[in-house]
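Heads up, the thing below is written out as structure tokens.
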């Protein structure tokens, strides 16, 4: 069977991996080396945590889209809608999944 979500699966996986690694790199070299964690406002910490979780979910959704899991669409749809706000690459990846998703219906 041909996987119709193969392109969006790769896009989710690559985008999620790059952003998660960037968050981890920025946290390690930014917060642990130069800043004090208590000096960061709690609203910023919450926003960064939510962005990290969304991008980690994007990575996992990409892996499961490549494995042709049908349950992943329940998670990939809201994740792709949130990713539309991340201009320009997240918008492309989220829009690609939405286009592939609703092309078949």
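We did not get these values from a lab; they are worked out from the coordinates using the rules stated. None of the values given here were measured: they were computed from a predicted structure. When we count neighbours, we look across all protein chains shown, and the Cβ atoms used for this are built from the backbone with ideal geometry, even at glycine.
Odds and ends about this structure:
- Against the chain, whose longest principal axis comes from its Cα atoms, helix 89-103 is set at around 20 degrees.
- The angle between the Cα long axis of helix 73-83 and the longest principal axis of the Cα atoms of the chain comes to about 50 degrees, rounded to the nearest 10.
- Residues residue 42 and residue 91, FRET efficiency given R0 of 25 Å [Cβ-Cβ distance, rounded to 0.05]: 0.35
- The Rg/Rh ratio of the range 6-103, with both radii computed over alpha carbons and Rh defined as the Kirkwood radius, is 1.05.
- Cα-projected label distance for residue 27 with residue 73, points at 7 Å along beta-carbon direction, nm: 3.3
- When each of the peptides 3-16, 48-61, 81-94 is scored by how many other beta carbons lie within 10 Å of its residues on average, the order from highest to lowest is 3-16, 48-61, 81-94.
- Relative to the longest principal axis of the Cα atoms of the chain, the long axis of helix 42-66 lies at roughly 30 degrees.
- Cβ-derived FRET efficiency at R0 30 Å, residue 99 paired with residue 53, nearest 0.05: 0.80
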